[in-house]
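Data first, discussion second: the structure below is written as structure tokens.
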Amino acid sequence: MTRTELVAQIRQKKSYLTVGLDTDITKIPPHLQSHPDAVFAFNKAIIDATLEYCVSNKIKTAFYESQGLKG
């Protein structure tokens with residue numbers, strides 16, 4: 001996303017909200033735990049739920065790197 005696109009999102013949504021995605025596997029809701037890629041499903045649900053308000057998502061790379069290849 002360019003700076004111009006970000007500014008346009010901020011103006012359109014009247015928000016600066018950025019959602020950090022650093023999913024703790026132990027806190028994934030029970031209905032998603034049986035999903036083949038539960039972390040992906042959970043993060044997608046968060047992104048979908050906040051799309052109307054959120055101008056960006058921040059993936060916390062170190063968290064996923066700690067999970068090895070699967071992360």
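Points worth noting:
- Per-region count, the range 1-27, residues among the hydrophobic types (A, V, I, L, M, F, W, C), open to solvent by less than 100 Å² (accessible area, probe 1.4 Å) and not in a helix (DSSP H, G or I): 3
- Residue within the range 28-47 that is at pLDDT below 95, over 16 Å from the mean Cα position of the chain (by Cα), exposed (fewer than 11 other Cβ atoms within 10 Å of the Cβ) and not in a helix (DSSP H, G or I) present: yes
- For beta carbons closer than 8 Å, sequence separation of 6+ or different chains, a first residue in the range 12-35 that is free of Cβ contacts under 8 Å to residues at least 60 places away in the same chain and more than 17 Å from K60 (Cα to Cα) and a second that is part of a loop (DSSP other than H, G, I, E, B) and of a type in the set (A, V, I, L, M), the qualifying pairs are K13/V55; S15/V55; Y16/V55.
- Residues being part of a helix (DSSP H, G or I) and not hydroxyl-bearing (S, T, Y) - total across the range 48-59: 2
The values are calculated or read from the model by the stated rules, or taken from the named source; none is laboratory data. The structure presented is a predicted model; accordingly, all values stated were derived computationally and were not measured. As a convention, Cβ positions derive from the backbone with ideal geometry for all residues, glycine included, and neighbour counts pool all protein chains shown. For the accessible areas, the whole protein counts, side chains as well, though only heavy atoms, and no ligand, DNA or RNA atoms are used. Shrake-Rupley method; radii C 1.70, N 1.55, O 1.52, S 1.80 Å.
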